[in-house]
Amino acid sequence: MMMSTYMIIFIMFIIGNMIFVSKQKHLLIVLMSLEFIVLSIYFMLMMYLSMIDYNMYMLMIFLVLSVCEGALGLSILVSLIRTHGNDYFQSFNLI
């Protein structure tokens, strides 16, 4: 039972990384794949901390940092849409 759960979480992590690497057209899809990776890491950390009977304080810190990362990504997305009109990577120069 535990091994299948770990395999599902690992497959979630691999799928999130594959989407992150392959979808480079829209910034929103890249941000969603990053959040999917963070969610799989959260599940893995939750399973590991509950297995060793450790308190969940580190899990709360991880959630706070992941929410800050999501808010920063959304603010970058909004500023890009306001300045360039879309979220295509090809429409603006990164230099």
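Bear in mind that the values in this text are calculations on the coordinates, not laboratory data. Because the structure is a prediction, the values reported are computed rather than measured. When we count neighbours, we look across all protein chains shown, and the Cβ atoms used for this are built from the backbone with ideal geometry, even at glycine.
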Q: For residue 74 paired with residue 28, estimate the spin-label separation in nm (one decimal), with each label point 7 Å from Cα along the Cα-to-Cβ line.
A: 1.3 nm
Q | Simple label model, 7 Å out from Cα along Cβ direction - residue 19 to residue 42, nm | A | 1.4 nm
Q: Read phi for every residue in the stretch 60-74 and hand back ³J(HN,Hα) as whole Hz from Karplus 6.51 cos²θ - 1.76 cosθ + 1.60, θ = phi - 60°, with x for Gly and Pro.
A: 5, 5, 4, 5, 4, 5, 6, 5, 5, 5, x, 5, 5, x, 5
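Could you tell me the calculated FRET efficiency between residue 86 and residue 55, based on Cβ-Cβ distance and R0 = 30 angstrom, to the nearest 0.05?
0.10
Given the DSSP H assignment, sum -39500 (n - 2.57) over each helix run of at least 4 residues in the chain and divide by its residue total; what's the result at 222 nm in deg cm²/dmol, nearest 500? Mind dumping the intermediate values first?
Values: 3 runs with 74 residues, N = 95.
Helix-only estimate at 222 nm: -27500 deg cm²/dmol.
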(Q) Per-residue counts of other Cβ atoms within 10 Å, averaged by peptide: what ranking do you get for 45-53, 22-30, highest first? (A) 22-30, 45-53
Q) Does anyone have the angle between helix 2-22 and the longest principal axis of the chain? Alpha-carbon axes, 0 to 90°, nearest 10? A) 10 degrees
